[in-house]
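Working notes, beginning with the structure itself.
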Ligand code: SF4
């Protein structure tokens, strides 16, 4: 399918998804042609999607990026979620030689020193494993929501990801955190206990802190960086990545 055809397909899907509830959205995605992969960070939104996929036994693969720097609570939740819903969550991990190359160049925690180093670490620990998880996929399901940050305020239900040549589906795009919390409580869905300790958004341990009352949901992610649009690169075009990301990849390929 050409990029133009993919864009048309995504626009049609975006309109169709808008009128459906979560279960119907995921069922529609599961019926689409090609392999569908849902990537979960075990965040509260992702737990809602995992629960729906598991409960309805939908043929959507569930994958997570085990970066090697996750909170123990997050790692524990992977197994707990698998057991609760009788599902398998496939772990994708960074390559040791990539980690070694990053550490030799920047230091293991060099991501605090510059945005370039931080993007390079995310590239090694997240983007390369993500590429493995999505290899051959036609559909990528995510837990992105418009309310998570200003950077995500225009998140559609479906869009064409030209860089990865697949359709990206965000079935919770229009859900508020209040609706998410109510759903999780009503369905007794297991969630990361850190949410109750002031962590609405949870990534790697060295790069996540609790937020203060009134702060945006993602304010605790890479808090030392003075850029309100900071992301790890999973949901922004590769063209926005720093040149050093490419360098690290090139030296470790
Ligand atoms: S969030 Fe931090 S530790 Fe995790 S991959 Fe990115 S820079 Fe590295």
- prompt: Of the residues 48, 29, which is surrounded by 16 or more Cβ atoms within 10 Å (Cβ to Cβ), touching a residue at least 40 places away in the same chain (Cβ under 8 Å) and either within 15 Å of the ligand (Cβ to nearest atom) or within 17 Å of residue 167 (Cα to Cα) (or both)?
  reply: 29
task: Determine whether residue 117 is under 14 Å from the mean Cα position of the chain (by Cα) and farther than 19 Å from residue 202 by Cα.
output: no
message: I'd like to verify a number: residues in the range 160-189 that are surrounded by fewer than 17 Cβ atoms within 10 Å (Cβ to Cβ) and over 25 Å from residue 134 (Cβ atoms), how many?
response: 10
Residue in the range 61-77 that is farthest from the ligand (Cβ to nearest atom), counting only those that are under 15 Å from the mean Cα position of the chain (by Cα) and outside any helix (DSSP H, G or I): 61
field: Single residue of the range 81-110 satisfying the filter (surrounded by 13 or more Cβ atoms within 10 Å (Cβ to Cβ), out of contact with any strand residue (DSSP E or B) (no Cβ under 9 Å at 6 or more places or on another chain) and in contact (Cβ under 8 Å) with a residue 60 or more places away in the chain) that is farthest from residue 225 (Cα to Cα)
entry: 84
message: Being within 15 Å of the ligand (Cβ to nearest atom) and in a loop (DSSP other than H, G, I, E, B) is the filter here; which residues of the range 207-218 pass it?
response: 209, 218
field: Residue count for the range 9-23, restricted to those that are surrounded by fewer than 14 Cβ atoms within 10 Å (Cβ to Cβ) and assigned to a helix (DSSP H, G or I)
entry: 3
- prompt: Picking from 203, 220, 143, which residue would you name as being in contact with a helix residue (DSSP H, G or I) (Cβ under 6 Å, 6 or more places away or on another chain) and surrounded by 14 or more Cβ atoms within 10 Å (Cβ to Cβ)?
  reply: 143
- prompt: From 177, 139, 189, 202, which residue is within 16 Å of the ligand (Cβ to nearest atom) and either in contact (Cβ under 8 Å) with a residue 60 or more places away in the chain or at negative phi (or both)?
  reply: 202
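No lab work stands behind these numbers, since they all come straight from the coordinates. The structure presented is a predicted model; accordingly, all values stated were derived computationally and were not measured. Quick reminder, even Gly has a Cβ in these numbers, built from the backbone with ideal geometry, and neighbours come from all protein chains shown.
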